[in-house]
Amino acid sequence: MKNYFFILFFVIISCQNKTMSENQIPSFNFKTIDDKLVSTDSLLGEATIICVWATWCGDCIREIPELNELVVKYKNNDKVNFIAFSDEDEETVRKSLKKFPFHFDHIVNSKSYSDQLKTGVVKHFPQVIVVDDNLNVVFEVTENKQKIFDTLDLHIQDIISK
């Protein structure tokens, strides 16, 4: 019986490790709902905020105003990207964006990719990730209940000041 507990413990610990190899986000190449092409190659040399969210998630909706404030702050800086991944379809996301404007570049139907970004055994929303100019994850928070603007802003400043 002890062997089963050891095996279960090992499996749980293994699954909790980030799925992102060596702290780098997995490669991708997507088109946003506004027909903008976005890829990991296009993010090199820039700071990127990634938000994995869902239209039905109350904490995701609560974070939108702060995330939009960051977009406004960096609107004239072409070295900062804001990307939102949703597992939902385009129609669902567009309907939500009319109700809750969220000024990131939106990639929909992205479950297979956003599953690679999850850092726990179970996927939770929202997940906000800061990616540096070499595509390395420098900050990640899931199910955040605190104000996030200042923390994200500090990471962005650190990346773009290099």
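The values are calculated or read from the model by the stated rules, or taken from the named source; none is laboratory data. Everything numeric here is computed off the predicted structure, so don't read it as measured data. FYI the Cβ positions are ideal-geometry reconstructions off the backbone, even for glycines, and counts take in every protein chain you see.
Which condition breaks for Asp150 when tested against (1) surrounded by fewer than 19 Cβ atoms within 10 Å (Cβ to Cβ); (2) within 13 Å of the chain's Cα centre (by Cα); (3) acidic (Asp, Glu)? That leaves (2) as the condition not met.
If the condition is being aliphatic (A, V, I, L, M) and part of a helix (DSSP H, G or I), then region 145-162 contributes Leu152, Leu154, Ile156, Ile159, Ile160. Scanning region 94-108 for residues that are crowded, with 17+ Cβ neighbours inside 10 Å and in a loop (DSSP other than H, G, I, E, B) returns Phe102, Phe104, Val108. Taking the condition more than 26 Å from Asn77 (Cβ to Cβ), at pLDDT below 95 and not in a strand (DSSP E or B), does Lys123 pass? In short, yes.
No other residue among Glu46, Glu63 is in contact with an Asp or Glu (Cβ under 9 Å, 6 or more places away or on another chain) and either charged (D, E, K, R) or surrounded by fewer than 13 Cβ atoms within 10 Å (Cβ to Cβ) (or both) apart from Glu46. Residues in region 78-91 include at least one that is basic (Lys, Arg), surrounded by fewer than 19 Cβ atoms within 10 Å (Cβ to Cβ), closer than 14 Å to Ala47 by Cβ and modelled with pLDDT of 95 or more.
Taken over region 126-144, the residue count meeting the criterion of being outside any strand (DSSP E or B) and either farther than 19 Å from Thr55 by Cβ or free of Cβ contacts under 8 Å to residues at least 60 places away in the same chain (or both) is 4.
The set of residues in region 49-92 being within 16 Å of the chain's Cα centre (by Cα) and over 15 Å from Ile148 (Cβ atoms) consists of Ala54, Thr55, Val80, Asn81, Ile83, Phe85, Ser86, Asp87, Glu88.
Of the strands (runs of 3 or more DSSP E) lying entirely inside region 23-91, the ones with 2 or more residues being aromatic (Phe, Trp, Tyr) are found at 80-86.
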